[in-house]
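Heads up, the thing below is written out as structure tokens.
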Amino acid sequence: VQLQASGGGSAQAGGSLRLSCAASGSSNEINVMGWYRQAPGKQRELVAIMTSGGRINYADSVKGRATISRDGAKNTVYLQMNSLKSEDTAVYYCYSNSYYGMDSWGEGTLVTVSS
């Protein structure tokens, strides 16, 4: 599975961004898709993930501000982030996990939130 993310960039605090990630290759084997992020000097952390069955898990830090969605026909996952905070600044990584337990990662996309 290959993952191609887009939509990163700069935003003002309080603003919004939408990230997209398209899967290709053995995308029919994907169960989980979602997003992780890594801020400078910190470990990579979960942002939001969604199973093929629609089960969603959000990090506490983004609950109420983030919405993850998937378009099965396009093999694409989206992350809508609202009410952005400076602490949302990070490199965001698209992630998938197949039904066989194989993880895939996309190249990161940088999100910078300025106050």
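For the chain, the Cβ-based charge dipole about the Cα centre amounts to some 220 debye (Lys, Arg positive; Asp, Glu negative; other atoms uncharged).
Charges were assigned to the Cβ only: +1 to each Lys and Arg, -1 to each Asp and Glu. The resulting dipole of region 36-87 about its Cα centre is roughly 20 debye.
Average accessible surface for the chain: 53 Å² per residue, computed with a 1.4 Å probe over protein heavy atoms with every protein chain in place. Gain on full extension, evaluated as 0.36 nm per residue between residue 63 and residue 82 minus their Cα-Cα distance, stands at 5.8 nm. Ligands, DNA and RNA left out, the 1.4 Å accessible surface of the chain is 45% carbon and sulfur atoms.
The values are calculated or read from the model by the stated rules, or taken from the named source; none is laboratory data. Worth saying up front: this structure is predicted, and the values here are computed from it rather than measured. With ideal geometry, Cβ positions are generated from the backbone for all residues, glycine too; neighbour counts draw on all protein chains shown. Surface accessibility is based on the protein's heavy atoms, side chains included, excluding ligands, DNA and RNA. Shrake-Rupley method; radii C 1.70, N 1.55, O 1.52, S 1.80 Å.
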